[in-house]
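Values quoted throughout were computed directly from the atomic coordinates according to the rules given, and no laboratory measurement underlies them. Please read all numbers here as calculations on a predicted model, not as lab measurements. Note that each Cβ is placed from the backbone with ideal geometry, even for glycine, and that neighbours are counted across all protein chains shown.
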Amino acid sequence: MSAVQELLDKKCTMITEAEAPHLFETIKKISAKANHKDAVLHEVYFINPSSGDLYDYLAGCMANGEKNVLILGEKIRKIFNHVSPSDKISEELEAVIAHEAGHARFRDLKSMGSHWMSFGSPLAGLLAGIGATALALHLTNKHGEDKEKQLAELDKIKDDSVNKEDGSMKFFTTAACYLAGAAIGLGGGVQVGKILRHNMEYRADLFSAEVLQNGKPLAKALEKLKEELSKLKEGMPSNSIADFLEGWMHPPIDKRIERLNNWSVA
Ligand SMILES: [Zn+2]
């Protein structure tokens, strides 16, 4: 069973169009405006209450096989005045759903849930760092060849102990070079992964603004979430909550708000 299916089975309840007509109407409106086959949200699930802070505040879209599944936590619905499934949809909640449809539209869903998104670029960076170190050492040795020949005569007069010491020094220097190269590569890879992930968020924000022809509703929604989550962050530190405000997965929330407020019809 897929991890998404397991999450849906264990923590979520499926909501039908008959139970939540306004919600489905909003979803259809968004995909009609987006006018793209990938911007369709096929199914809606509400996360069961008290599933844990991450889930309670989660608004997300996931790929379950070929279906795009919208999932909404209990508390995030309450923040946007959607208490019962049959309640009307505020402009802010519509903007949040449009953001999620944006992730579906740009096929972010599969990569967002995959381990390659988390480990791929750091691993690539690490390997690139090691490769670059090997190349640098190879080139350094090559350029050193002539010099080595010139020094060969001098080496003859060195005693064995000096030569041994020289060998172990070379080993540590080489090891240190590789370690530094790997660390720099890894750091770079992590940064690249973060930039890719942040760009997905900005792109989904832009999608929401374009679908609604207005960036302000999502900006207002993010302001509200910032306020609610900041309160929570003080009382109950949680990495996932902190990440939503600013972290590896999400760009600084103020930057997102600023971009949305500055959005205007092109
Ligand atoms: Zn997002």
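With a cap of 13 neighbouring Cβ atoms within 10 Å, and only residues DSSP puts in a loop, list the chymotrypsin sites (Phe, Trp or Tyr not before Pro) found in segment 209-266. Here the chymotrypsin sites (Phe, Trp or Tyr not before Pro) that fit, given the DSSP loop and packing criteria, are W248. For the cross-link pairs K33/K67; K33/K231; K75/K220; K37/K233, the ones whose C-alpha atoms lie over 27 Å apart are K33/K231; K37/K233.
For the chain, take every pair of Cα atoms, bin their distances at 5 Å starting from 0, and report each bin as a whole percent. Cα pair-distance distribution for the chain, in percent: 1, 5, 10, 13, 15, 13, 9, 6, 4, 4, 4, 4, 4, 3, 3, 2, 1, 0, 0. Considering only M14, M200, M169, the Gaussian network model of the chain with Cα springs below 10 Å gives its largest mean-square fluctuation to M169. Taking 16 Å as the cut-off, the amide N atoms of segment 64-85 that come nearer than this to a point 7 Å along the Cα-to-beta-carbon line of N48 belong to 72-75.
Between L179 and E246, the distance separating the two model label sites (each 7 Å from Cα on the Cα→Cβ line) works out to 3.3 nm. Taking every DSSP bridge with both residues inside segment 1-113, close to 70 percent are antiparallel. Taking a ≥ b ≥ c as the square roots of the eigenvalues of the Cα gyration tensor, segment 1-46 is classed as oblate, since a/c reaches at least 1.5 and a/b does not exceed b/c. Note on segment 1-113: semi-axes of the ellipsoid equivalent to its C-alpha gyration tensor, largest first and rounded to whole Å, are 19, 18, 12. A Förster radius of 41 Å, combined with the Cβ-Cβ distance separating K28 from L127, puts the computed FRET efficiency at roughly 0.35. Count Lys and Arg as plus one, Asp and Glu as minus one, and take only other residues whose Cβ is under 12 Å from that of N261; the net charge is then +1. Between A134 and K224, residue separation times 0.36 nm minus the direct Cα-Cα distance comes to 27.3 nm. Restricting the chymotrypsin sites (Phe, Trp or Tyr not before Pro) of segment 1-95 to loop positions (DSSP other than H, G, I, E, B) with no more than 16 neighbouring Cβ atoms within 10 Å leaves nothing.
Shape class of segment 190-256 from the Cα gyration tensor (axes a ≥ b ≥ c, square roots of the eigenvalues): oblate, since a/c reaches 1.5 or more and a/b does not exceed b/c. Computed from phi, the 3J(HN,Hα) profile of segment 169-184 under the Karplus parametrisation 6.51, -1.76, 1.60 (θ = phi - 60°) reads 4, 4, 4, 5, 5, 5, 4, 5, 4, 5, 4, 5, x, 5, 5, 5 Hz, with x in place of Gly and Pro. In the chain, the calculated helix contribution to ellipticity at 222 nm averages -22000 deg cm²/dmol per residue, counting -39,500 (n - 2.57) for every DSSP H run with n ≥ 4. Once R0 is set to 35 Å, what does the formula 1/(1 + (r/R0)^6) return for the Cβ-Cβ distance between N199 and M169, expressed as a FRET efficiency to the nearest 0.05? Result of the calculation: an efficiency of 0.20.
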